[in-house]
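Right, one structure below, let's go through it.
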Protein chains: 2
Amino acid sequence: MTDDREGHPATGASAPHDGAATIDRFCGACQRTVLAEIRHILGTQRSNHQELDELILDYPLRAAKGLRPALCIATARALGSSEQAVITSAAVVELLHNAFLIHDDVEDESQFRRGELTLQRAHGLPIAVNVADGMFALALMALLDNLELLGLRAALAIFRQIVDMLWTTVGGQALELGWIRANTWQFADYRAAYEDLVVRKTAVYSFVVPTQIACVAASAAPEHAEALAAFARHVGVAFQIADDLLNLRDDTAGYGKELLGDLWEGKRTLILLHALHTERDPEIVREALAILGRRRPASDELRSELAEVAAVVDDLHASGHLDGVGRTTVLAALRRAWRARPERDVKTPADVRALADLIERHGSTEFASSVARDHVRAAEQALASCHRGLASGDARDFLFALPAYVVERLR
Amino acid sequence: MTDDREGHPATGASAPHDGAATIDRFCGACQRTVLAEIRHILGTQRSNHQELDELILDYPLRAAKGLRPALCIATARALGSSEQAVITSAAVVELLHNAFLIHDDVEDESQFRRGELTLQRAHGLPIAVNVADGMFALALMALLDNLELLGLRAALAIFRQIVDMLWTTVGGQALELGWIRANTWQFADYRAAYEDLVVRKTAVYSFVVPTQIACVAASAAPEHAEALAAFARHVGVAFQIADDLLNLRDDTAGYGKELLGDLWEGKRTLILLHALHTERDPEIVREALAILGRRRPASDELRSELAEVAAVVDDLHASGHLDGVGRTTVLAALRRAWRARPERDVKTPADVRALADLIERHGSTEFASSVARDHVRAAEQALASCHRGLASGDARDFLFALPAYVVERLR
């Protein structure tokens, strides 16, 4: 390849065939640099608290792809800038992502993250919340270091992007939490509602901001920055749909989260929204909404303990210590105690099965897959439109391979 | 008063007698301006989410003194600057303080804050965590506005102070959480350990940073900035000791938190540390440490439900449906169910009473009061040392009245 501006026409047809290998190679190299940078940032500050330092590194050190910082570095390099110019910002993006993960895990009471116990399961809620606060503080301190690295104008522009991103992400989270509280599932245009949520909650921080930081550092032309933002938005939506689809798979290999967790949680996925909006029987919709209005049960530790008490009561009845009236009465009292728990009106495995059946009946996973592929194509087109501004090489290859890659995980 | 540099000699003897009225008047005026500024900040951003906007204002709108922003404004004005120069920073300090309160309430699982339900009790943990994130984001956006208001150098200096403060506060919190996890209560110098914790966890963000922001805005002489920082550190320690003392009072009027909550939580107070280090009987110390190693019980909703089941069992026994062996067996099973809860090995009211007795026996509240008064005197001396840099008027009166005021609540 001698011409560094050719090779990826608008169709994306001549993108590297082995996209996954391209992505993996690039991410692997970036991840080492980014982790070294995070350690450097942590080393230059002194928290005077070894455990805090260690726990700030806990999630970032767990096996993960590191797509976000890799996207930032790839965009910067494809635009003709250096990795060095964005390495601090890329590390900040990764730190903030991991802080969001801690908050997500706390909010969802999740048990596992990347195949290990979540921070709040391993160390308790107070430490988890404080570690996330530490990551926010550390990220902000690192951004101030950009002043020396990039000069005032660029450093402040990146700062503003990060701060606006925090606000946007919080707004997206508030939108979803409002829907959860009101059990809102029906929309005039459910696809638009879903895409709007995903852009605000995930795509902006995970994909748009990493590219836009790179555009600032590389002084990209406004039309290139706009095209890259559109590219990133579409990749982000495709990524989230793929993530939702993976959650429904029977196969947990390579997926560190809980299977069907989204159905237990009642997460607004395009899949579930499609099933609800396609179902024509109002009675079935009503029942599905009732299920979705139930909370997921907390730990069933106590439930099994009460079941043990019930077994003791049965034994006593069988051995003649307790008569039939007594047995009925004690069991009724146990049921009342169970129902009085805050976890009453919770989803059952049968509820979750009913939701999975509804999804299957309406071909909702196929629908969601096809929408994800629409976004892959739109992303590829947006990238092709600024193709002439991107230098050839592994960084540009990464960008062209990314859209297909984020849904590739489905095959 | 014609001479604006006289009237408050090093002894503080001629400070206004009615300090509480001085403080209340000044805080009241500041609080109105600060709340208007927070509303203004929120209004210039668009979260597109009305509930998020409302919940961001929830804690700030609850009845509170607003000491932190008032201290910032008073220091700026006493140094010859204007309220306008620090109003945004003062609003940021208040926003961050309220975000910390949300995190504290989440971490401590507190029920009440300023006499109303805590945010996570009223709206659930996910919304509470997200609202605090929103307040952080909003605070950062407001700090960027300082660039226009104060110019680059001052705005960046204030930014760095706020960011360093976040890191310091997180470090202080980590220190305390580490002590809680390891049940650490014994120190070579417990007073120094306590003061170090309180400075990092509370005094820096509540008192030192508000004065130092004002010093930046007013371009204060370095020696004045140092004296004001020392003043603020001593006020902060006195404030925290007074807060701890209030928590032990029988009288909850004017105190929106839970009575004896610190003993239930096992908070490291100077009072409790004094009692433990003064007690000479190792057996009593051992028992107190065992109590402090127990967690506070969660809501006892379930306990009462299980008590109801036990009552049913007793009734059945009395009416002949259940024999004595059966009764003993069912009650034992219920006790096992109770103990199997995550809340096993919790503090009892008798435990908390034993701690309160230990404190009383050793005169630990009197000791803590005398240390608080030491800090009041040290604060007054530090302020007097930069007296000549402070213009007379209600702002300076506020500063001179503050040290005595923070312990005044005890009388």
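The values are calculated or read from the model by the stated rules, or taken from the named source; none is laboratory data. Since we're looking at a predicted model, the values are computed, not measured. Glycine gets a Cβ as well: all are built from the backbone with ideal geometry, and neighbour counts include every protein chain shown. With ligands, DNA and RNA removed, areas are computed over all heavy atoms of the protein, side chains included. Shrake-Rupley method; radii C 1.70, N 1.55, O 1.52, S 1.80 Å.
Annotation for the B:A interface, with buried accessible surface near 5900 Å², both sides summed [1.4 Å probe; non-protein components not counted].
Near the amide H of A:Arg295, within less than 5 Å, lie the amide hydrogens of A:Lys347, all on another chain or at least 5 residues away, with H placed in the peptide plane. Against chain B, whose longest principal axis comes from its Cα atoms, helix B:364-385 is set at around 10 degrees.
Per-residue shielding of B:99-109, expressed as the average number of other chain Cβ atoms within 10 Å of the residue Cβ, stands at 2.
Mind checking B:150-156 for the average number of partner chain beta-carbons within 10 Å of each residue's beta-carbon? Could you put the intermediate results ahead of the total?
Working: counts 0, 0, 2, 0, 0, 1, 5.
Partner Cβ neighbours, averaged per residue: 1.
Using the Cα centre as the reference, give the magnitude of the dipole from point charges on the C-beta atoms of the protein assembly as shown (Lys, Arg: +1; Asp, Glu: -1; all else neutral), rounded to the nearest 20 debye.
On the way: 88 positive and 114 negative charges, 71 e Å.
Its charge dipole is roughly 340 debye.
Every Cα-Cα pair of chain B was included, and the share exceeding 42 Å stands at 22 percent. Rounded to the nearest whole angstrom, the semi-axes of the ellipsoid equivalent to segment B:63-182, taken from the Cα gyration tensor as √(5λ), stand at 29, 17, 14, largest first.
May I ask you to derive the relative contact order of chain B, considering only C-alpha pairs under 8 Å and at least 6 residues apart, and to give it as an integer percent?
Here the relative contact order equals 27 percent.
Compute for segment B:120-161: radius of gyration divided by Kirkwood radius, i.e. Rg/Rh, restricted to C-alpha atoms, rounded to two decimals. Result: Rg/Rh = 1.24. Amide H contacts of B:Leu322: B:His317, each under 5 Å away and 5 or more positions distant or on a separate chain (H built 1.01 Å from N in the peptide plane; Pro and chain starts excluded). What the phi angles of segment A:139-151 give under the Karplus curve with 6.51, -1.76 and 1.60, with θ = phi - 60°, is a coupling list of 4, 5, 5, 5, 5, 5, 5, 4, 4, 6, 6, 10, x Hz, glycine and proline written as x.
At a 1.4 Å probe radius, carbon and sulfur cover how many percent of the accessible area of chain B? Roughly 51 percent, rounded to a whole number. When peptides B:324-330, A:230-236 are sorted by average Cβ neighbour count within 10 Å, with the highest value leading, the order is A:230-236, B:324-330. Taking the three principal axes of the alpha carbon atoms in segment B:139-287, the coordinate ranges are 62, 36, 27 Å, sorted in descending order. For the protein assembly as shown, the convex hull drawn through the C-alpha positions has a volume of 179 cubic angstrom per residue. Note on segment A:72-131: percent of Cα-Cα distances in each 10 Å bin, starting at 0 and stopping at the bin with the largest distance, equals 22, 36, 20, 19, 2.
Comparing A:Val170, A:Val237, A:Val376 in a Gaussian network model of chain A (Cα springs below 10 Å), the most mobile by mean-square fluctuation is A:Val170. From the largest down, segment A:133-227 spans 49, 36, 14 angstrom on the principal axes of its Cα atoms.
The mean number of Cβ atoms from other chains found within 10 Å of a Cβ in peptide A:46-56 is 4, as a whole number. Taking every alpha-carbon pair within segment B:167-223, the share separated by more than 15 Å comes to 58 percent. Judged by the mean number of other Cβ atoms found within 10 Å, the most tightly packed of the peptides B:172-182, A:87-97, B:282-292 leads the ranking A:87-97, B:172-182, B:282-292.
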